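The values are calculated or read from the model by the stated rules, or taken from the named source; none is laboratory data. Just so it is clear, the model here is predicted, and its values are computed rather than measured. Cβ atoms come from the backbone with ideal geometry, glycine included; neighbour counts cover every protein chain shown.
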């Protein structure tokens, strides 16, 4: 998207499925161009859930400031409306420091809420309800899973599932176009590459003691809350109970992450303004855009300096 705003600082949005390499790319570019990262992930908002949510590493967070992490304790409520309010404030703060905000993540509703300037209200949004009613039960289940919405007890009744979604967030989409001065890219990854990355990540979780992390979380928080159902911890709980072996737990985690990646892609593909490419293509595209903006800014400063000297 080309900038239409008087604000010359863009919002860089990097999306893609879990395990696609978004974070590493964002850290690299934010470090190069003077940026700060806002994580758009409905899992990493929880405190102490570090390994099982694959949060950016401590080293990555030292290199580049990260926001949107560790916002609430497991079990506390946090909606897409909360995320939008938080992110809108952070974007302005980052720009106020003359730095570039990078919005990075795979939670589609979080990203769309910011990019399309959603508003959230307590009244019934009949257009949104009609959209939900047109969806199949399976699509509604996927929506709930992708947006950290707990299914109702009577989950086979479509009306109850829709009500659960409406209780979570009542969304009004104010814009059909992305907000001005945004650059939106998506990382497309070949299936076999993505599966291998997910397998490696699950192994790293176990090597980094996800089992111990889960035991600690269970001892401190209500492990029946939404925070536990949307992450790896639900499967580790089965491992701890003896219902799964470690190998079975790892295989199930890979399968769960693969299913999540497919749901994320289904959501993100609905946005026609995302420029898709491989990791390398995405990096080259963003570098070209950001270099161009930096050159324009430098030329503007030089022109202003020349004008002042001429007036003197």
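Couple of notes before you dig in:
- The test for being over 28 Å from residue 108 (Cα atoms), in contact (Cβ under 8 Å) with a residue 60 or more places away in the chain and assigned by TED's automatic domain parsing to the domain that holds residue 187 does not hold for residue 289.
- Being assigned by TED's automatic domain parsing to the domain that holds residue 44, modelled with pLDDT of 95 or more, on the phi > 0 side of the Ramachandran plot and surrounded by fewer than 19 Cβ atoms within 10 Å (Cβ to Cβ) is a property that holds for residue 209.
- Test result for residue 269, surrounded by fewer than 17 Cβ atoms within 10 Å (Cβ to Cβ) and at pLDDT 90 or above: yes
- In segment 187-200, the condition of being surrounded by fewer than 20 Cβ atoms within 10 Å (Cβ to Cβ) and farther than 25 Å from residue 142 by Cβ is met by at least one residue.
- Helices (runs of 4 or more DSSP H) contained entirely in segment 146-262, each with at least 2 residues that are more than 29 Å from residue 87 (Cβ to Cβ) and in contact with a helix residue (DSSP H, G or I) (Cβ under 8 Å, 6 or more places away or on another chain): 191-207, 210-220, 233-241
- Just one residue in the set 210, 274 is under 30 Å from residue 12 (Cβ atoms), in contact (Cβ under 8 Å) with a residue 12 or more places away in the chain and within 23 Å of the chain's Cα centre (by Cα); that residue is 274.
- Counting only helices (runs of 4 or more DSSP H) that sit wholly inside segment 16-113, those with at least 2 residues that are surrounded by 20 or more Cβ atoms within 10 Å (Cβ to Cβ) and in contact with a strand residue (DSSP E or B) (Cβ under 7 Å, 6 or more places away or on another chain) are 22-33, 80-96.
- Among the candidates 248, 234, residue that is assigned by TED's automatic domain parsing to the domain that holds residue 17, surrounded by fewer than 20 Cβ atoms within 10 Å (Cβ to Cβ) and under 16 Å from residue 53 (Cβ atoms): 234
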